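Undergrad: Sharing a structure with you now.
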Amino acid sequence: MAEHISSEGAKDLLAKAVQTMENDVEYADALYERTEGVSIVKDNVEERVSTPVATRGLVLRVYRLGQWREASTHDLSPARAVELAKKLAGFEPLSRNSVKLQELKPWELDEELSVKINPSEVDVEEKLEHLRGFHRDVIGRDKRIVNARVAYSDFISERIFANTEGSVLRQVIPRTTLFIVPIAKEGGRMDYDYLSCGGTSGFELVKDLKEQTVKEVVDSSISLLEASAPPSGHFKVILDQGMTGTFAHESFGHGCEADQVVRKRSYLLPHFGTRIGFEKLNICDDGTLHGGFGSFLFDDEGVKSKKNYILKNGVLDGFLHERYSASAMNTEPTGNGRRESFLRKLFVRMTNTYVEPGDYSLEEMVEEVDNGVMLVHTTSGMEDPLAGGMELKCKKGYLIEKGKIGRVLSSLTLTENVPQFISSIDAVGRREQFESESGTCGKGYEDFVPVGDGGVYIRAEAVVGQG
Amino acid sequence: MSEIDSIQKILQQENVSQWDIYVETAEEYEVQLRNFDVETVRGPITNSGYAVRVMVPKNKKVGIGIGTGNSLQPSQVKKCLDTASVGARITEFPGYAIPRPSRYPNVKVADSKITLTPEAVVNEKAEELVSLLRKSRTVTPTFGKLRTYNLSTMIGNSEGLRAEKKETFFYVELALKAEREGQLAEYWPMIFVRRLEDLKLAEQIPNWTKLAEDSLRAKVPKTMKAPVIFAPQILGNILPNTVGFHCLGSTLFRGMSRLKKGEKMGREELTVHDDGVFDYALGSSPFDDEGTPQTRTTLIEKGIHKSFLYDAMYAAASNLDSTGNGQKLPAFSLAFTRADLKYSMLPSVQPTNIAVEPGDMSLEEMIATMKEGIYLEQLSSSSSDSVTTSFGSEIRNAYLIEKGELSTPLKGGQINGFLLDSQDAEDQKAPGLLNQISGISRKTLIAGRCITPYIRFENVQIAGK
């Protein structure tokens, strides 16, 4: 089991570890992580108050001749940290390459991201009472709502970083999420829609939620009781902000992660610097987005977060980097080196990825479609970084017939080849439509980190089917 | 059991009468590859934590709270206990029966080689993988990841139950790239096993290589309805979240299950168990995460629904016994990659291993008896909707079947359907896949939380060009 240490204690521990490693390797760093918070779930049967994934530990990392060596431990005693540091410092690489890690200027930071209502200052009973209120509200709105699941979580992520270049950094990032799922049932049919909100925010996320927003998700769940099955085939499609964001993230963003480029696993590599889409299409990844679920002050190798364009005016403008990929490709790191926790490896990861606004109203987009499908309320997406395939799934959709929104559809899947999808985008929605949603992103099949994604409505062409 | 004893002392000091304690320690070693080179060597990676649950009876109900921690310092255990006590005070649940000491089945869940030499094992397997892949002249790895897990778990409760186990896992994920005249294609396998002999790298790599190569000439299928053979790894993702979900006592208790005991839910050929004691399957264990013995429960027999699954909570609420299905990991297969964080999760009712009984055909016979159809090897996400049992996913690696033989490779487009009959209006109602089974293979494989054969379904919707 671990010793309990303070933030100052953790800084001292990192200093000792880095000092132990610094003379024997090209580069070394150390990261302390503490994640804690509360998670509350309420439905018709259960109330559960628990701790979301709670971790506290240390990861040490050294670099030599193109290879990383790491060790992680929950044991926060100085003796264990020094023991691991010594073991790492003496490592002999199993393979070698000529990539020398670029030096970065050291910097210092100690900052806690402030929020309007600090969740740790709100009693857990008060949090549960709010959830009970949402639950009562949802259940009481319509007899066809047979259950409602309300899930809340807040957690803080404290990360302290030190390296052999002299950087010493500390950040505390609070994140809060709220999820409401009204389950509607009539006759033998059961279906649901959902409301999801989250960000680097506090309990105001719950307190400021409007009654109208809750009513809308209840109405939407009920509307799905009469939904038709989606059509199957190739259609003109309109994606809402969440689906647009999932496209920007899963389908496009993962291909822009430079670790995939270095290992020659990106379908986007041959397209760098060329126009691949609509000239009004801009996609960026922005770790500084105010309130974004994927926002932070520095990444897990101490690089300051920033806004990076990956597609600018339809041209593939840049890749997202951690320090190794930036060194290998002779460019600057972009603040995208992230770990799920001290137990997992660092990779190039996105932060908040979105499509910037254009000039179309939703009405204009719909009017110009003769036979199409609108897809809303994203549920998941999956990347295909080498072959450029895409899969986006959503809970709800609408048929578009002769320029008008028609029948409601339940559970849809959209697939397409990404370059073909991008080249088919012909309309990008206006600024007032902009929304960013919260989610988690895996690298391959695991390594989940908090991210935001969003944007505006876009119109394109794709294969649609049941989801 | 020293950790449990230390925590129990503090519980006694605080006069907590009903409780359970879950303690977990994990050690991992990992190698990550960039192409043929070692990119990162990781290890030891250690984590340890505990969870304390406190139960407080409230008339006919019970309040349950949980606190988790990583430090055994008395002040930290006390903090964790305070969190659990607050949770127990403010929440209510229809029932909970604290498991009593039991005899546990003898289930194999550990590989001694991984237990004894985990670092050497991961290095050896990484070398073996690279060596096997170097022999292939047609594909290259873009990345690879190999990891050993050694987990120790202890459970104790206020009824005097003490249970302990050691288990192992081995995780491999890699992407194999095929390239020809500027065309790129890949096969991206993921294997999660408990013992090394189930890895079978030498056997698997030629198959994976062929799948990657064939994908270079893959076409998008046309929109159609056709018979489709699903490989075990696809069923391993879809079945627990759909059929498994509707077989949970918690789903039934909420009035959300589509199933009724004794009613037909699939073809007569279909018999399915929840098998928590199948040696070396991922969801197997002598006891569940509440200390109840795991067992084998028949869910579907010859197409008829037989029983539901319970943890200690929903069993008590339903006046039944737990079936040993109180699990801290969610039902999806990949949840096992987070087995090192189980201590911080709450137990809920989940399937252990969904085991589909084998049929009487070989895979080759299933293909040979099809005029036209599709063999499906890998989907993009294979995700599905628990409530409606609807699923849809992009085809990653598949083949068209023509005149009893595999022909054109397929990639792109989608496969769609429902596992149980759709709930649309009568005129639009579509039969679920379980009612459209036309073949089950003799061979079964452990795939995620399933032990399943290849299954052929009729009239599956394909969306393509």
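The values are calculated or read from the model by the stated rules, or taken from the named source; none is laboratory data. Given the structure is predicted, the values throughout are model-derived calculations rather than measurements. FYI the Cβ positions are ideal-geometry reconstructions off the backbone, even for glycines, and counts take in every protein chain you see.
Undergrad: Which of the residues spanning region A:398-415 are aliphatic (A, V, I, L, M) and farther than 22 Å from residue A:184 by Cβ? Explain how you work it out, then say what you get.
TA: Our first condition is that a residue be aliphatic (A, V, I, L, M); within region A:398-415, this holds for A:399-400, A:405, A:408-409, A:412, A:414.
A:400, A:414, listed by residue number.
Undergrad: Within region B:262-284, is there a residue that is part of a loop (DSSP other than H, G, I, E, B), away from chain A (no Cβ under 12 Å) and of a type in the set (Lys, Arg)? Give the derivation first.
TA: The initial filter retains those residues of region B:262-284 that are part of a loop (DSSP other than H, G, I, E, B), namely B:262-263, B:265-271, B:276-284.
Okay, now just the ones that are also away from chain A (no Cβ under 12 Å), so B:262-263, B:265-271, B:276-284.
Cutting the leftovers down to of a type in the set (Lys, Arg) gives us B:267.
Checked region B:262-284: at least one residue is part of a loop (DSSP other than H, G, I, E, B), away from chain A (no Cβ under 12 Å) and of a type in the set (Lys, Arg).
Undergrad: Quick test for you: out of B:168, B:142, B:148, B:209, pick the one residue that is buried (at least 19 other Cβ atoms within 10 Å of the Cβ), within 13 Å of chain A (Cβ to nearest Cβ) and of a type in the set (Val, Ile, Thr). Show your work before the answer.
TA: On the way: B:168 fails: within 13 Å of chain A (Cβ to nearest Cβ); B:148 fails: within 13 Å of chain A (Cβ to nearest Cβ); B:209 fails: within 13 Å of chain A (Cβ to nearest Cβ).
Only one candidate qualifies: B:142.
Undergrad: Same structure again: Report, by residue number, each residue of region A:99-146 that is among the polar types (S, T, N, Q) and either touching a residue at least 24 places away in the same chain (Cβ under 8 Å) or under 15 Å from residue A:44 (Cα atoms) (or both). So that I can check it myself, show each step before the final result.
TA: Just the residues of region A:99-146 that are among the polar types (S, T, N, Q), to begin with: A:102, A:114, A:118, A:120.
Once the filter is applied, which keeps residues that are among the polar types (S, T, N, Q) and either touching a residue at least 24 places away in the same chain (Cβ under 8 Å) or under 15 Å from residue A:44 (Cα atoms) (or both), region A:99-146 yields A:102, A:118, A:120.
A quick yes/no check of all residues on (1) of a type outside the set (Gly, Ala, Ser); (2) buried (at least 24 other Cβ atoms within 10 Å of the Cβ); (3) more than 9 Å from every other protein chain (Cβ to nearest Cβ):
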{"site": "B:12", "(1), (2), (3)": "yes, no, yes"}
{"site": "B:39", "(1), (2), (3)": "yes, no, no"}
{"site": "B:82", "(1), (2), (3)": "yes, no, yes"}
{"site": "B:102", "(1), (2), (3)": "no, no, yes"}
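Undergrad: With respect to residue B:365, is the statement that it is in the same structural domain as residue B:243 (by TED's automatic domain parsing) and in a strand (DSSP E or B) true?
TA: Numbers: in the same structural domain as residue B:243 (by TED's automatic domain parsing): yes; in a strand (DSSP E or B): no.
Judged against the criteria, residue B:365 is not a match.
Undergrad: Assess whether residue A:84 counts as being within 28 Å of the chain's Cα centre (by Cα), at negative phi and crowded, with 17+ Cβ neighbours inside 10 Å.
TA: On the way: within 28 Å of the chain's Cα centre (by Cα): no; at negative phi: yes; crowded, with 17+ Cβ neighbours inside 10 Å: yes.
So residue A:84 does not fit the description; no.
Undergrad: Take residue A:45 and tell me if it is at pLDDT 90 or above, surrounded by fewer than 18 Cβ atoms within 10 Å (Cβ to Cβ) and touching a strand residue (DSSP E or B) at 6+ places or on another chain (Cβ under 8 Å).
TA: On the way: at pLDDT 90 or above: yes; surrounded by fewer than 18 Cβ atoms within 10 Å (Cβ to Cβ): yes; touching a strand residue (DSSP E or B) at 6+ places or on another chain (Cβ under 8 Å): yes.
The answer is yes for residue A:45.
Undergrad: Does at least one position in region A:140-149 carry a residue that is crowded, with 20+ Cβ neighbours inside 10 Å and within 19 Å of the chain's Cα centre (by Cα)?
TA: no
Undergrad: Next question. For residues that are in contact with a helix residue (DSSP H, G or I) (Cβ under 9 Å, 6 or more places away or on another chain) and more than 14 Å from chain A (Cβ to nearest Cβ), tally how many sit in region B:436-448.
TA: Going residue by residue through region B:436-448, those that are in contact with a helix residue (DSSP H, G or I) (Cβ under 9 Å, 6 or more places away or on another chain) are B:438-448.
The next check asks that each one be more than 14 Å from chain A (Cβ to nearest Cβ); those that pass are B:438-446.
The number of residues fulfilling the criteria is 9.
Undergrad: Give the residue that is surrounded by the most Cβ atoms within 10 Å (Cβ to Cβ), with candidates limited to residues of region A:404-427 that are in contact with a Lys or Arg (Cβ under 9 Å, 6 or more places away or on another chain) and more than 9 Å from every other protein chain (Cβ to nearest Cβ). Write out each step before concluding.
TA: Of the residues in region A:404-427, the ones in contact with a Lys or Arg (Cβ under 9 Å, 6 or more places away or on another chain) are A:408-414, A:424-427.
Next cut, more than 9 Å from every other protein chain (Cβ to nearest Cβ) only: A:408-409, A:424-427.
Details: A:408: 16, A:409: 25, A:424: 16, A:425: 21, A:426: 17, A:427: 22.
Step by step, filter region A:404-427, then rank; the result is A:409.
Undergrad: What strands (runs of 3 or more DSSP E) completely inside region B:181-251 contain at least 1 residues that are within 27 Å of the chain's Cα centre (by Cα), farther than 25 Å from residue B:438 by Cβ and among the hydroxyl-bearing types (Ser, Thr, Tyr)?
TA: Answer list for region B:181-251: B:183-187.
Undergrad: Can you confirm whether residue B:248 is modelled with pLDDT of 95 or more and in contact with a helix residue (DSSP H, G or I) (Cβ under 9 Å, 6 or more places away or on another chain)?
TA: Working: modelled with pLDDT of 95 or more: yes; in contact with a helix residue (DSSP H, G or I) (Cβ under 9 Å, 6 or more places away or on another chain): yes.
Yes: the conditions hold for residue B:248.
Undergrad: Looking at (1) surrounded by 24 or more Cβ atoms within 10 Å (Cβ to Cβ); (2) more than 10 Å from chain A (Cβ to nearest Cβ); (3) in contact with a helix residue (DSSP H, G or I) (Cβ under 6 Å, 6 or more places away or on another chain); (4) of a type outside the set (Phe, Trp, Tyr), can you tell me which one residue B:352 breaks?
TA: (3)
Undergrad: Residues of region A:183-202 being out of contact with any Asp or Glu (no Cβ under 7 Å at 6 or more places or on another chain) and more than 12 Å from chain B (Cβ to nearest Cβ), which ones?
TA: Step one: list which residues in region A:183-202 are out of contact with any Asp or Glu (no Cβ under 7 Å at 6 or more places or on another chain), which gives A:183, A:185-195, A:197-202.
Residues satisfying the conditions are A:195, A:197, A:198, A:199, A:200, A:201, A:202.
Undergrad: State which residue is surrounded by the most Cβ atoms within 10 Å (Cβ to Cβ) when the search covers only region A:212-240 and only residues that are of a type in the set (D, E, K, R) and at pLDDT 95 or above.
TA: The first filter runs over region A:212-240 and keeps only residues of a type in the set (D, E, K, R), leaving A:215-216, A:219, A:226, A:236, A:240.
From what is left, the residues that are at pLDDT 95 or above are A:215-216, A:219, A:236, A:240.
Details: A:215: 14, A:216: 13, A:219: 14, A:236: 20, A:240: 25.
My answer is A:240.
Undergrad: In addition: For region A:42-98, enumerate the residues that are free of Cβ contacts under 8 Å to residues at least 40 places away in the same chain, more than 9 Å from chain B (Cβ to nearest Cβ) and hydrophobic (A, V, I, L, M, F, W, C).
TA: A:65, A:79, listed by residue number.
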